[in-house]
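The values are calculated or read from the model by the stated rules, or taken from the named source; none is laboratory data. As the structure is a computational prediction, the values presented were derived from the model and not from experiment. Don't worry about glycine lacking a Cβ; one is built from the backbone with ideal geometry, like all the others, and counts go over all protein chains shown.
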């Protein structure tokens, strides 16, 4: 799958495990390797020991190589079901995109920052030149607010101009232990009103509407309308936009996440992978120019605004600016 | 002016023309023009009213909704009347064939009325229709009011559907349909939607205990509507006054506000377009008409009224008069 030379792998392992940040041990955490996953709670308690460092090096050369590529982003602050959800999707993205995306070059002070009553992490990986991918982003924010802990976890894949396949947008917004807002969508690259063929190719002929209906019918969900009208305009007609409640349910929110959200998210991401691997088409230069304008607007007015909406207030303007700058660089 | 009047419809046109000279008359509705009783313009109308009343009556009630409950009838007819009054001379009298203005078949009856926009009005056409059928679960009523703009200006279309299957439940679709890709045109989104009361109106529906969000099964129609579209199922169960109570109390005032917003957009907020932009908009509107409205209009018709009537209605729709 990956074709990194051994020396580079060892180098990566050394780099990540040499860091002294709290989350560094998790990058070497064997529980995050797909083949070794034990389900349930990840081994958060792993101590940063010499063993861990050595294991990390070994992992880099084993079949689950590139342990830090496989877990290119982690979600340490989420509940166990939330963590498993977001990390499965991150792993899928990494596995399926494989050689199409480069290693992250995001500065350390964007990959980890703290301020006010919270902390966060934003990781970007650029698409390889000529690949269909523009960039992927994985991020989390965690804050203690008056009502409880706020957790915002995000995974995005933005497609480049060599394919017309949809972007992937996944947001997990939890404010308090019992309630979650989920946004999960294949974001269209074109105006569906003038392009019914695109609607048919990526949406009507997919399982996305069936997945959405399972959410609609589920007793623990309610439709969610983002307050930003622009964001409402970006998403597709089959977008999962739901508030999910754990109240009155055995196992609470984590059970609903494991039971409803996790399988659905896997299916949606598989649909997205299939879209860009098999259904996307190359475009002529006019179509590419149009799509570039549109994608730039989605990035700027959609993702960037969404990403930076809370940051000045929670972390201060300096960190907010730093994150936006990294996003604009896309590496 | 009185001596120039030779026919009821001539009278109507002259009165309308004098209205047109007054700039941006937004309080036309307050003048009670349709009832023609209260003020100088109304008095003029009433004086001639005895001559022109049949013509006025025909234009004022260009479409009626005889099969709906009292609150439903009042709702749809208020909106139809508002459209007629506000658009006035901008729309021509209907030339829809009588066998499309009234048809029957199977277990039901229906009516489709079109009125073309006048040359230079920027309006393509307006449509008013109703279908009524007795079905195994009860009575089906579908009432529709649409105004589609031409490509000379960019203001939104108006779409209003009232779909009642049984006495306890209703689906309302009420929207200002965007003429452009909102993702590509955040200025358009701001001008017509962010800077309007539409989101506030939608939130009143969202918060109301008798409503539930409604998503049409047609993905294309979901793509056509705006981010502030009213797409709701309403229930009258367990409420005093039942569904008619909810219609009168929630839907009626909201519908009036939405239509007033649409009128304001058409009259005051639109921007003219250059040749390229017009061509793009025309193409987009044609798709909305054929894949959206036409499909929606003819979805049930073959099954309820037979293929012949369905074809006749679609042909009239394509003519747009």
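With the requirement that a residue be outside any strand (DSSP E or B), within 20 Å of residue A:163 (Cβ to Cβ) and in contact with a strand residue (DSSP E or B) (Cβ under 7 Å, 6 or more places away or on another chain), what does segment A:102-130 give you? Once the filter is applied, which keeps residues that are outside any strand (DSSP E or B), within 20 Å of residue A:163 (Cβ to Cβ) and in contact with a strand residue (DSSP E or B) (Cβ under 7 Å, 6 or more places away or on another chain), segment A:102-130 yields A:102, A:128.
Does residue B:211 fit the bill of being more than 9 Å from chain A (Cβ to nearest Cβ), buried (at least 17 other Cβ atoms within 10 Å of the Cβ) and in contact with a helix residue (DSSP H, G or I) (Cβ under 7 Å, 6 or more places away or on another chain)? So residue B:211 fits the description; yes.
I'd like to know if segment B:165-174 contains one or more residues that are away from every other protein chain (no Cβ under 14 Å), outside any loop (DSSP other than H, G, I, E, B), touching a residue at least 60 places away in the same chain (Cβ under 8 Å) and closer than 27 Å to residue A:187 by Cβ.
yes
When the criteria are applied in full, residue B:250 fails the requirement of being more than 20 Å from the chain's Cα centre (by Cα) and not in a strand (DSSP E or B). For segment B:133-149, the criterion of a residue being away from chain A (no Cβ under 14 Å), assigned to a loop (DSSP other than H, G, I, E, B) and out of contact with any helix residue (DSSP H, G or I) (no Cβ under 6 Å at 6 or more places or on another chain) is satisfied by at least one position.
Looking across segment B:196-207 at every residue that is at the interface with chain A (Cβ under 10 Å from one of its Cβ atoms) and without any contact (Cβ under 8 Å) to a residue 40 or more places away in the chain, the one that is nearest to residue B:266 (Cα to Cα) is identified as B:199.
Residues in segment B:216-236 that are at the interface with chain A (Cβ under 7 Å from one of its Cβ atoms) and over 15 Å from residue B:200 (Cα atoms): B:219, B:220, B:222, B:223, B:224.
A quick yes/no check of all residues on (1) closer than 16 Å to residue B:145 by Cα; (2) under 14 Å from the mean Cα position of the chain (by Cα); (3) not in a loop (DSSP other than H, G, I, E, B):
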{"site": "B:80", "(1), (2), (3)": "yes, yes, yes"}
{"site": "B:85", "(1), (2), (3)": "yes, yes, yes"}
{"site": "B:89", "(1), (2), (3)": "no, no, yes"}
{"site": "B:95", "(1), (2), (3)": "no, no, no"}
{"site": "B:99", "(1), (2), (3)": "no, no, yes"}
{"site": "B:104", "(1), (2), (3)": "no, no, yes"}
{"site": "B:110", "(1), (2), (3)": "yes, no, yes"}
{"site": "B:114", "(1), (2), (3)": "yes, yes, yes"}
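Scanning segment B:176-195 for residues that are at the interface with chain A (Cβ under 10 Å from one of its Cβ atoms) and in contact (Cβ under 8 Å) with a residue 40 or more places away in the chain, we see that the one that is nearest to residue B:159 (Cα to Cα) is B:177.
Within segment B:103-117, not a single residue is under 27 Å from residue B:243 (Cβ atoms), within 14 Å of chain A (Cβ to nearest Cβ) and modelled with pLDDT of 95 or more.
Note on segment A:269-331: enclosed helices (runs of 4 or more DSSP H) holding 3 or more residues that are over 22 Å from the mean Cα position of the chain (by Cα) and over 17 Å from residue A:171 (Cα atoms) are A:285-297. Of the residues making up segment B:150-164, those that are touching a strand residue (DSSP E or B) at 6+ places or on another chain (Cβ under 7 Å) and within 14 Å of another protein chain (Cβ to nearest Cβ) are B:156, B:157, B:159.
Only helices (runs of 4 or more DSSP H) whose full extent lies in segment B:256-321 are considered here, and the ones with at least 2 residues that are closer than 25 Å to residue B:134 by Cα are B:295-298, B:301-305, B:307-319. Taken over segment A:170-200, residues that are in contact with a helix residue (DSSP H, G or I) (Cβ under 6 Å, 6 or more places away or on another chain), away from chain B (no Cβ under 14 Å) and without any contact (Cβ under 8 Å) to a residue 60 or more places away in the chain amount to 0. Considered as a group, the residues in segment A:242-261 that are crowded, with 17+ Cβ neighbours inside 10 Å and part of a helix (DSSP H, G or I) include one that is nearest to the chain's Cα centre (by Cα), and that residue is A:261.
So that you can scan it fast, the table gives a plain yes or no per residue for (1) more than 18 Å from the chain's Cα centre (by Cα); (2) within 14 Å of chain A (Cβ to nearest Cβ):
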site: B:262; (1), (2): no, no
site: B:269; (1), (2): yes, no
site: B:280; (1), (2): yes, yes
site: B:285; (1), (2): no, yes
site: B:289; (1), (2): no, yes
site: B:292; (1), (2): no, yes
site: B:295; (1), (2): no, yes
site: B:301; (1), (2): yes, no
site: B:304; (1), (2): yes, no
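Whenever a residue of segment A:313-324 is on the phi > 0 side of the Ramachandran plot, its partners that are surrounded by fewer than 18 Cβ atoms within 10 Å (Cβ to Cβ), lying with C-beta atoms within less than 7 angstrom and at least six residues away or across chains, give the pairs A:316/A:115; A:316/A:116. Considering segment A:201-224, and only residues there that are facing chain B (nearest Cβ under 7 Å) and touching a strand residue (DSSP E or B) at 6+ places or on another chain (Cβ under 8 Å), the residue that is farthest from residue B:219 (Cα to Cα) turns out to be A:223.
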